[in-house]
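First comes the structure, then the notes that go with it.
The values are calculated or read from the model by the stated rules, or taken from the named source; none is laboratory data. Since the model is a prediction, treat every value here as computed from it, not as a measurement. Don't worry about glycine lacking a Cβ; one is built from the backbone with ideal geometry, like all the others, and counts go over all protein chains shown. The accessibility values were calculated without ligands, DNA or RNA, using every heavy atom of the protein model including side chains. Shrake-Rupley method; radii C 1.70, N 1.55, O 1.52, S 1.80 Å.
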Amino acid sequence: MHILLIEDEKKVAAFVSEGLEEQGYVVTTAYDGSQGEALAADQAFDLVLLDLMLPGKSGLEVCQALRKAQPGLPIIMLTALGTAADKLAGFDSGADDYLVKPFEFSELVARIKALTRRSKQIEHAHRHLKVGPLELDLDRKVALRDGKTIILTAKEFALLEYLMVHQGKVLSRAQIAADVWDIHFDTGTNVVDVYINFLRKKIDREFDQKLLHTQIGMGYMMDA
């Protein structure tokens, strides 16, 4: 398994690279954002470890570019910036996971294994989700309702995919925040409600049949 590590702190890069190589991974290291993006375009990688604060090009910019060029490439952000706003920015740029420095190396390995296992499962799974007249093409990252394309941001797509995978189940706000945004504490924000409303406007507002339902006091559910 070939990992691209984009990290400007050379001591951190050496620590991560050496540890991963001891675990049997092949690691290529870039020390700035532009170099990392160029390497990703030139070589085939199975996963990217990406620092947020980089010279040349920021981690957010690199993540956005990689996600656009390679939608299925797993990306884990490694950064000292650990506020809820930082995490939201990371996930909105297209990151699949977010690990705050300093971290235990064993946790990094566990995250890599979990993410690559999930990616392989998705590769072998049916690449379309469907709830009534709503379809989600996971390969092309396209949402369709009654044949009409619905334009979604990366985070809206991730939330819709999560809801559709769990269709028929009531999902609490805390559960959605943890699984979609990796927020495991009360931030005092209503980010889940805001994004649910974004989705409603795009997938339900123009149609008589409503697919996204609010269960008062419990959460949200996707059901035809």
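Here are the numbers:
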item	result
L50 long-range amide H proximity, modeled H, under 5 Å	I6, I76, M77, L78
When each of K68/K155; K141/K169; K57/K155; K155/K202; K148/K201 is checked by Cα-Cα distance, pairs over 19 Å	K141/K169; K57/K155
Stretch in the chain that is longest and holds no GluC sites (Glu not before Pro) that DSSP places in a loop and that have at most 13 other beta carbons within 10 Å	1-103
Portion, in percent, of the accessible area of region 1-122 that falls on carbon or sulfur, probe 1.4 Å	52 percent
Long-range HN-HN contacts of V27 with modeled amide H, under 5 Å	I3
Rg followed by Dmax, in Å, when region 162-224 is reduced to its Cα trace	11.7, 36
Loop-located chymotrypsin sites (Phe, Trp or Tyr not before Pro) in region 124-224 whose Cβ has at most 11 other Cβ within 10 Å (DSSP)	F185
Ratio Rg/Rh, restricted to region 73-224 and using Cα atoms, in which Rh is the Kirkwood radius	0.97
Average accessible surface area per residue within the chain, 1.4 Å rolling probe, Å²	51 Å²
Whole-Hz ³J(HN,Hα) from phi, Karplus 6.51 cos²θ - 1.76 cosθ + 1.60, for region 169-183, glycine and proline x	10, 7, 10, 6, 4, 5, 5, 5, 4, 6, 7, 9, 10, 6, 9
Protein accessible area in region 183-224, 1.4 Å probe - carbon and sulfur %	52 percent
Spherically averaged projected area in nm², based on the convex hull that wraps the Cα atoms of region 13-57	3.2 nm²
Euclidean distance of C-alpha centroids, region 145-201 and region 40-56, integer Å	27 Å
Alpha-carbon Rg/Rh ratio, for region 1-134, with Rh computed the Kirkwood way	0.98
